[in-house]
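Computed from the coordinates by the stated procedures, all read-outs in this text should not be read as laboratory data. Remember, predicted model here, so these are calculated numbers, not experimental data. Glycine gets a Cβ as well: all are built from the backbone with ideal geometry, and neighbour counts include every protein chain shown.
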Amino acid sequence: MAEVAARLAAARRRLRAAEASAGRPPGSVRLLLATKTMEAAVVRAALVADRDGTDRPAGELPVLVGENRVQELVAKAPELADLAPGWHVIGPLQSNKVNAALRWAACVQSVDDLALAERLQRRCEAVDRTLEVLVQVNVSGEATKSGVPPAAAADLAVRVAALDRLRLRGFMTIGARSPDEGVVRAGFAALRDVRDEVLARGAPGTADAGELSMGMSGDLEAAVAEGATLVRLGTAVFGARPAAPA
Ligand SMILES: *Cc1c(COP(=O)(O)O)cnc(C)c1O
């Protein structure tokens, strides 16, 4: 558990260094802990270290938590409700899992089609609440990755933002799997371009869509250099995941 605290501190130092070399103020990028395959006790150790730690700059908000798999979300969230009341869903969300996910989710980062957005809207109506959402964009075009193609992303975002129970907060992507830093950065820049286009259009409900959720343990520096406002870290904080998916 002390190991998790030490790794969180190291990840923060990495983030600070990335902000500095991008000429951005310390604390301008928020950290989200990607908890897939990690047990609640390990996640708790990181959240306690974050709460009690002194290495978070004054301007930076506490860490967020994000889960890929709804099954894991519903298993872990109750155990962590005292420390993490709101979760981000960061993996593909099947329609039959929407109701379960919304019991714990404050934000769904993986909205990549209108049918999912409409289903989220209907569920929010049924339980009389609102939900923060990000539109996930597939900037690399890799077939294995979820997300709307960049060319269709702004239109989708405008339509999502028109749904009155959904609060469009910005955009999310998973970086290209490439050893070429230029390719990775171009993908992140493409997400920023989508965001800037949506903000410039000024459609109803899009005024707060500034968030850029991009950058993971392997590519956070590239993402911060291209304007990430939120990086999602798993292995950098929790160590390697078990080889077989849990
Ligand atoms: C697993 C995952 C992460 C974290 O990945 P690491 O490489 O372990 O930092 C971030 N975002 C999403 C969507 C993920 O699935």
Rg/Rg_globular for region 113-200, with Rg_globular taken as 2.2 N^0.38 Å and Rg from C-alpha atoms: 1.17
Relative contact order (percent, whole number), the chain, Cα cutoff 8 Å, 6+ residue spacing: 20
For region 95-103, Karplus couplings with θ = phi - 60° (6.51, -1.76, 1.60), whole Hz, Gly/Pro x: 4, 6, 10, 4, 5, 5, 4, 6, 5
With the cut-off at 16 Å, report for region 47-91 the share of all Cα pairs above it, as a whole percent. 43
Taking only Cα atoms of the chain, the Rg to Rh ratio with Kirkwood Rh works out at 0.94
Given a Förster radius of 35 Å and the C-beta distance between T130 and V48 as r, what FRET efficiency does 1/(1 + (r/R0)^6) yield to the nearest 0.05? 0.75
Express the Stokes-Einstein translational diffusion coefficient of region 151-213 in µm² s⁻¹, to the nearest whole number, given a Kirkwood radius over alpha-carbon pairs, 25 °C and a viscosity of 0.890 mPa s. 201
Cross-link reach list, lysines versus K76, counting only Cα pairs under 17 Å and skipping chain neighbours closer than eight places: K36, K97
Using a Gaussian network model on the chain with a 10 Å cutoff between Cα atoms, which of G227, G23, G91 fluctuates the most? G23
Let's test this: bin the Cα-Cα distances of region 26-132 at 10 Å from zero up to the farthest pair and state each bin's percent. 14, 45, 30, 11, 0
Taking R0 as 22 Å and r as the Cβ-Cβ distance between A243 and T144, the FRET efficiency 1/(1 + (r/R0)^6), rounded to the nearest 0.05, comes to 0.75
GNM flexibility winner over the chain from N96, N138, N68 (Cα, springs under 10 Å): N96
Cα gyration tensor, region 74-165 - rounded (a/c under 1.5), prolate or oblate: oblate
Using each residue's phi in region 227-243, evaluate 6.51 cos²θ - 1.76 cosθ + 1.60 at θ = phi - 60° and report the 3J(HN,Hα) Karplus result to the nearest Hz, with x for Gly and Pro. x, 3, 10, 8, 10, 10, 10, x, 4, 4, 9, 9, x, 5, 7, x, 4
Enter the mean projected area of the convex hull around the alpha-carbon atoms of region 1-45, in nm², rounded to one decimal. 3.4
Taking only Cα atoms of region 1-88, radius of gyration then Dmax in Å: 13.4, 40
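Quick one: putting +1 on the C-beta of Lys and Arg, -1 on the C-beta of Asp and Glu, what dipole do you get for the chain around its Cα centre, in Debye to the nearest 20?
With only Lys, Arg, Asp and Glu charged at Cβ, the dipole is about 320 debye.
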GNM of the chain, Cα pairs under 10 angstrom: of R51, R30, R195, the biggest fluctuation goes to R51
Most exposed first, judged by fewest Cβ atoms within 10 angstrom, F171, F188 run F188, F171
